[in-house]
Each structure stands twice: as C-alpha cells, then as structure tokens.
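What follows is calculated from the coordinates using simple rules that are stated; it is not laboratory data. Everything numeric in this text was worked out from a predicted model, so none of it was measured. When we count neighbours, we look across all protein chains shown, and the Cβ atoms used for this are built from the backbone with ideal geometry, even at glycine.
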2 protein chains.
Amino acid sequence: MDQPSRSAGTVRPGGRTARVRAAVLEATQDELVERGFHELTMDQVAARAGVGKTTVYRRWGSPSGLVTDLMNELADQSSPHADTGGIEGDLRANAVSVLNALNDERLGVTFQAVIAAGTGDEPAARALHAFYLRRIQEWANVVDLAVARGELPAGTDGAEVIRAISAPLYYRLVVTREPVTREVAERSVARTLAAARAGAFVTTGSRG
Amino acid sequence: MDQPSRSAGTVRPGGRTARVRAAVLEATQDELVERGFHELTMDQVAARAGVGKTTVYRRWGSPSGLVTDLMNELADQSSPHADTGGIEGDLRANAVSVLNALNDERLGVTFQAVIAAGTGDEPAARALHAFYLRRIQEWANVVDLAVARGELPAGTDGAEVIRAISAPLYYRLVVTREPVTREVAERSVARTLAAARAGAFVTTGSRG
C-alpha cells in the first residue's frame, strides 16, 4: 500500500496502520475459514497477524467487529458491475461472479461462516446486510442501463432483479445443500430475464 | 400418542419409546432456539427432556444425530401440498407456508440454527438436504397437476419451480438479512409464474 518511490524506513503512520489492518483482516479470514465464527478469538487473530492484542482489542473491539471490517474490505475489493452492452450478458456476468465467489475455497467458506454467524449475532447480521446491499446496488445499475436501452420495461426494479439472480445460488449452497454449478447460474439468468421481460419486476406502477 | 382407550399404567414399550423421542426432540429444538447448534450438548438435552444420558447417547449418538432426527420429525409433521385447483393458488399456498415457517418464532429460528450448523457440520448439512428435498418433492406435485391441466408448458420442472418460490425468501432471511414479508412472498409467486409460463422452467427439451 506504500508508494513504490518512498524510501525504506520512512513509512508513514497511515502506511503502518494499513498494513496492520491488512494483516489482521487476513488472519480473521484465515480463522473464519479454518474454524468458523464460533471459534474466532481476538487473541488468536492477534497472534496469527503478528500484532499486539491491545491493538486488536482497541481497534476492532470484538470478533463481530473483525467480521464487520472484513466484510467492508471484501466489498471494497469487489469488482464493479459489468457493462457488456446487453442485459443478458450483464446478468450472466453477475451470476458467474456470484458462482465463482461461492465456489472459491476461501471466499465461499468465508461467506458461509459469516452467514452462519449472522443467524445468531446481530453485528454479523448487520455486516452481511451492508455487504450485500452494496453489491446489489452496484449491480442494479445494469438493469437501469437495460431499461434506458429499451431492453426491459420501464419501472423494472434493478435491485430485485439482482437479488433474483443470486437467490437460487445461495439457496442451494446454504439451505438445500445442493451443488451450485454453471448450469444453475445460467438457469437463474434465463428465468430472471423471462420474468423481467414479462414485466414481473416492475414495482413502480409504470408497467409498460 | 397412546390410544385414548388404553388404561393408565399399561403403556406399551413402543408408546414409551415414542414419548422419549418426543421429549428429546422437543428439548433439542428448545436448545437450538435458545443457544444454537454450537452449544447443543447431549447432557443438556437429556436433562431438559428428563431422560437418562445413556439413552440419549445410545439412540442419537451426537448433537448432529439429534438435529437429523429433529429435521426428520419436522418433515413428517409438515403439511402435504395444497390443491386449490389452480397453479397460482397452489404456489401462493406454498409461498405463504414458507413465509409463515420462516417468521414463526420457534420454527424460523430452528431452521436458521440448522442452516448455520450445516455450513460447518456434514451430518447437519445432510439433514438439511434431506428435509428440503422431501418438501420440494412434495410440492413439485402441484406443478405436475398444472402441466396436466394445461396451465404450464409440458416439461416444466416442478422441483425447480418450488425451489424458485422459496429461494428469494431464504436469501433475504439468512443472506441479505432483509425482512421476509407477505409482499416478498407474493412477488416470488408472480415472478416464478411469469418465468414458468414463458417456458423458462422447461428442462427436458420438450419446450412448448
């Protein structure tokens, strides 16, 4: 995170703070993936990150605080919405991005750990909520673009379309525990698009 | 579970076994709701059920065994699919049944606890899988009836239609942590039905 031109040994406080945060969040994610939220402890994260316990307690407060900051960081790192020039391509890009995240050994297990945490821990639930709202709002833009191009009816609710793309993938992953494959992603796109073209996602009353 | 006509004090072994099971499963559900899967212990369930520890260990083996049997029992207790005479009414009945279960203080928290358990515990994941497969297959019948009545295209995949009804509700409940309202259920029905009528759930190649 430092400027490449800066000489060694002249690290700003901001640079050090950023490196501490990166180490702590990486250790948090490691612990979540290996042990889950219920065994996430401040002391273990501090030890794994090579950072003083007091720093971790002072800055993050609790395991929920660590998870919240990790989800913020994952949202910051997520790629912006696609712009393939057509709604089908854009929704497919969204579905494949979700598919790849869920099937990624590290990221998929992280999401599942935080989803599990959210069922019983209010701050973890809020972190999940904030993460997905940011991702849904980012991708809802592709629907607005499609409406502007005349591909989808005016008044189509972009956030609802994006939720509909993801929902069947997450449902299989954490509820029915069925495989989440490329075919599942493709079907989600085709079905969501069929419903959107039929006006079933128009929520403002300006159906047309 | 005994016949009302049987005299007191002449309980059959089968009757006693059934009562022990009922007490243990109720205690399991109480503990899941109050403490979650990670704090579910055999000893606590035995104490709460008023049953000997050795019985609980011998019959259920582990906390995962208790959860598996609880999910079997909940599937047994679940109501059969609706038959309102029309696919829209049947799918609405399905959506409302899921909605009510998820918003039920006891049942909704139970499902969330088992979903959380399933993210890290393989037997709990298998119990979830078996439970939802039974429910999906039971309700898929309403789609077959609709196809037979000519309401939906031949080859429409009933299990996939039923998954599509539930998915947005569970997605909001456990992933985005958004309210699961009657409006959400109604929208799920309208969108799934629009896609099904457009043939987007035909998976056998006999689209038409």
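Proximity of backbone amide H atoms, modeled 1.01 Å from N, is registered between B:V202 and B:D157 at under 5 Å, excluding neighbours fewer than 5 places apart on the same chain. For GluC sites (Glu not before Pro), no site in segment A:24-56 is both called loop by DSSP and has at most 13 other Cβ atoms within 10 Å. For segment B:124-195, what class follows from the C-alpha gyration tensor (a ≥ b ≥ c being the square roots of its eigenvalues): rounded when a/c is under 1.5, otherwise prolate if a/b is larger than b/c, else oblate? Taking the square roots of the gyration eigenvalues as a ≥ b ≥ c, segment B:124-195 is oblate. Here segment A:4-105 is treated as a sphere whose radius is the Kirkwood value from Cα pairs; by Stokes-Einstein at 10 °C and 1.306 mPa s it diffuses with a coefficient of 100 µm²/s. Can you tell me the 0 to 90 degree angle between the C-alpha axis of helix B:87-103 and the longest principal axis of chain B, rounded to 10? Rounded to the nearest ten degrees, it is 40. Taking label positions 7 Å along the Cα-Cβ direction at both A:D144 and A:T41, the computed distance is 4.7 nm, reported to one decimal. Sorted from shortest to longest, the distances between the B:N103 label points of this copy and the other copies are 3.7 nm, with each point 7 Å from Cα along the line through the beta carbon. Counting only DSSP H runs of at least 4 residues, each contributing -39500 (n - 2.57), and dividing by the residue count of the protein assembly as shown, the helix-based mean residue ellipticity at 222 nm comes to -22500 deg cm²/dmol.
Were the residues from A:D76 through A:E26 laid out at 0.36 nm apart, the gain over their Cα-Cα distance would be 16.5 nm. Each label point was placed 7 Å from the Cα along the Cα-to-Cβ direction; for A:V33 and A:R59 their separation is 2.0 nm. Label-to-label distances for B:S79 across copies, nearest first, come out at 4.6 nm, using points 7 Å from Cα in the beta-carbon direction.
Computed 3J(HN,Hα) for segment A:159-168, one whole-Hz value per residue from the Karplus formula 6.51 cos²θ - 1.76 cosθ + 1.60 where θ = phi - 60°, is 4, 5, 4, 5, 4, 5, 5, 6, 3, x, glycine and proline marked x. In percent, rounded to a whole number, the relative contact order of segment A:16-74 is 37, using alpha-carbon pairs under 8 Å and six or more apart. Highest mobility in the GNM of chain A, judged by mean-square fluctuation with C-alpha springs under 10 Å and restricted to A:A164, A:A113, A:A195, is found for A:A195.
Classify the protein assembly as shown: rounded, prolate or oblate, from the alpha-carbon gyration tensor (a ≥ b ≥ c, eigenvalue square roots; a/c under 1.5 rounded; otherwise prolate if a/b is larger than b/c)? Display every interim value, and only then the final one.
Numbers: a/c = 2.60, a/b = 1.09, b/c = 2.39.
Oblate.
Between B:V67, B:V161, B:V51, the GNM of chain B built on Cα springs shorter than 10 angstrom shows B:V51 fluctuating the most.
In terms of its C-alpha gyration tensor, segment A:16-74 has a rounded overall shape, because the principal axis ratio a/c (a ≥ b ≥ c, square roots of the eigenvalues) stays below 1.5. So what is the relative contact order for chain B, in percent, with contacts set as C-alpha pairs under 8 Å and at least six apart? Across chain B, relative contact order equals 19 percent.
All Cα-Cα distances of segment A:81-202, cut into 5 Å bins from zero to the largest, leave 2, 11, 21, 23, 19, 13, 8, 3, 0 percent in each bin in turn. For A:E34, the distances from its label point to the matching points in the remaining copies are 3.5 nm, ordered from shortest, with each point set 7 Å beyond Cα toward Cβ. Once you've got the GNM for chain A with C-alpha springs shorter than 10 Å, pick whichever of A:A148, A:A75, A:A116 has the biggest mean-square fluctuation. Greatest mean-square fluctuation among the candidates belongs to A:A148.
Each residue of segment A:145-154 is assigned a 3J(HN,Hα), and the resulting list reads 4, 5, 5, 4, 7, x, 7, 10, x, 4 Hz, derived from the Karplus form 6.51 cos²θ - 1.76 cosθ + 1.60 (θ = phi - 60°), x at Gly and Pro. Couplings for segment B:188-197, taken from phi via the Karplus curve 6.51 cos²θ - 1.76 cosθ + 1.60 with θ = phi - 60°, read 4, 4, 4, 6, 5, 5, 4, 5, 5, 5 Hz in order; Gly and Pro are left as x.
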